[in-house]
Amino acid sequence: MSVTLHTSLGDLKIEVFCEAVPRAAENFLALCASNYFDGCIFHRNIKTFIVQTGDPLGTGKGGQSIWGAPFEDEIRSTLKASRLLLLIILLF
């Protein structure tokens, strides 16, 4: 499954691995469906390395999961980051 985030800097197409990381996928997709990411700024930008968004406070320290609390990491050695884009979503 994929999701496209429309940003002020262009579109980001994100592939979501629902079977491999079901809780993270459910959380991300539910937040997308609720327009949670609308208006979020890129709060961290390190040229040629990373940009981060998803914090409604714009500080990198806000936000929460759909369950209102952190959930267990679903790190899978079978999933590798694309050379073009590494998307990390941290929701606390």
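Please go through region 40-57 and pick out each residue that is under 14 Å from the mean Cα position of the chain (by Cα) and of a type outside the set (Val, Ile, Thr).
If the condition is that a residue be under 14 Å from the mean Cα position of the chain (by Cα) and of a type outside the set (Val, Ile, Thr), then 40, 42, 43, 44, 52, 54, 55, 56 are the ones that fit.
Does residue 90 fit the bill of being within 20 Å of residue 17 (Cβ to Cβ), open to solvent by 80 Å² or more (accessible area, probe 1.4 Å) and either modelled with pLDDT under 85 or outside any loop (DSSP other than H, G, I, E, B) (or both)? Taking the combined requirement at face value, the residue satisfies it. The residue that is surrounded by the fewest Cβ atoms within 10 Å (Cβ to Cβ), among those in region 1-16 that are within 12 Å of residue 37 (Cβ to Cβ), of a type outside the set (Val, Ile, Thr) and touching a strand residue (DSSP E or B) at 6+ places or on another chain (Cβ under 6 Å), is 12. For region 39-71, the set of residues classified as open to solvent by 80 Å² or more (accessible area, probe 1.4 Å), polar (S, T, N, Q) and under 16 Å from residue 29 (Cα atoms) consists of 64 only.
Selection of first residues in region 54-83 that are free of Cβ contacts under 8 Å to residues at least 40 places away in the same chain and more than 22 Å from residue 12 (Cα to Cα) and of second residues that are surrounded by 11 or more Cβ atoms within 10 Å (Cβ to Cβ) and of a type in the set (Asp, Glu), restricted to Cβ pairs under 6 Å at least 6 apart or on distinct chains, gives an empty result.
One residue stands out in region 17-38 among those that are of a type in the set (Phe, Trp, Tyr) and open to solvent by less than 80 Å² (accessible area, probe 1.4 Å): the one that is farthest from the chain's Cα centre (by Cα), namely 36.
Elements of the type strands (runs of 3 or more DSSP E) sitting completely within region 1-84 and holding at least 1 residues that are in contact with a Lys or Arg (Cβ under 9 Å, 6 or more places away or on another chain): these cover 2-7, 50-52.
The values are calculated or read from the model by the stated rules, or taken from the named source; none is laboratory data. What you are looking at is a predicted structure, and each value in this text was computed from that prediction instead of being measured. Neighbour counts are summed over all protein chains in view; Cβ atoms, including those assigned to glycine, are modelled from backbone coordinates with ideal geometry. Ligands, DNA and RNA are excluded from the accessible area calculation, which covers all protein heavy atoms including side chains. Shrake-Rupley method; radii C 1.70, N 1.55, O 1.52, S 1.80 Å.
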